[in-house]
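Presented below is the structure to which this report refers.
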Amino acid sequence: MALRKILTKGDPTLSKVSRPVISFDHRLHILLDDLKETLVDANGAGLAAPQVGILRRVVIVVDGEENMLELINPEVISSEGEQDGFEGCLSVPGYWGMVKRPLKARVRAQDRDGNFFEVDGEGIVARCFCHEIDHLDGHLFTEHTDRLYTSEELEELMEQQSGESKP
C-alpha cells in the first residue's frame, strides 16, 4: 500500500469524467488499498480515484460504523428527502460550502471482485455518496454552493450557532 498525492482544485483531471472499471484485477486491488490508506492519512470521509489522478469510477466512503466501503462503478439508484449542510473536500483544502443533498441515498456498485451489491446511506453517508460520485463525473462541491467559507469563518459560524441555541 502507498499514499497517493491528492490533487487540488485547478488540476484539470478533477474536471474530467471517469471511465468505468472493467478489469477487477490486482491493479484495482492496489488502487483500492492505496485509496484507503490515503483517506486515513488525510482524515477524510471519502475519496474518489480522480482525486489521486486515476480516471476510473472508484470511490471509498466511510459509513456510519467507520467501515470503509469500496464502491466500484457506483450509481445512485434512489434517493429521498433533502438536507442542507456544510461540505468540504480533500481537493479543496481549507474551504467549506453549504450544499443541498438527499437525506437518504441507495447506491448500486460492484465490489473489488466485480460482484454487484446495493448499500443505503443516510445523513452524512448519503452526502458522501453523492459528493464522491460527483467526482467521478468531473464535478466538485464548489459547483453546488453559493459561497465558500474558510475554516476560520466556518468555526465562527458554528460558535455563533451554538451560542444562539443555548438557553
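The values are calculated or read from the model by the stated rules, or taken from the named source; none is laboratory data. Given the structure is predicted, the values throughout are model-derived calculations rather than measurements. Cβ: placed from backbone, ideal geometry, glycine included. Neighbour counts: every protein chain shown. For the accessible areas, the whole protein counts, side chains as well, though only heavy atoms, and no ligand, DNA or RNA atoms are used. Shrake-Rupley method; radii C 1.70, N 1.55, O 1.52, S 1.80 Å.
Things to note:
- Being open to solvent by 80 Å² or more (accessible area, probe 1.4 Å) and either part of a loop (DSSP other than H, G, I, E, B) or in contact with a His (Cβ under 9 Å, 6 or more places away or on another chain) (or both) is not true of residue 134.
- Taken as a whole, the condition of being among the basic types (Lys, Arg), closer than 26 Å to residue 143 by Cα, in contact (Cβ under 8 Å) with a residue 12 or more places away in the chain and open to solvent by less than 50 Å² (accessible area, probe 1.4 Å) does not apply to residue 19.
- Residue within region 79-86 that is open to solvent by 60 Å² or more (accessible area, probe 1.4 Å), among the aromatic types (Phe, Trp, Tyr) and under 24 Å from residue 121 (Cα atoms) present: no
- Qualifying position, being acidic (Asp, Glu), out of contact with any Gly (no Cβ under 6 Å at 6 or more places or on another chain), more than 19 Å from residue 38 (Cα to Cα) and outside any strand (DSSP E or B), among 120, 113: 113
- Residues within region 112-133 that are among the β-branched types (Val, Ile, Thr) and within 13 Å of residue 85 (Cβ to Cβ), tallied: 2
- Residue match in region 61-75 (condition: open to solvent by 50 Å² or more (accessible area, probe 1.4 Å) and within 14 Å of residue 130 (Cα to Cα)): yes
- Residue within region 51-66 that is at pLDDT 95 or above, within 21 Å of residue 101 (Cα to Cα) and touching a Lys or Arg at 6+ places or on another chain (Cβ under 8 Å) present: yes
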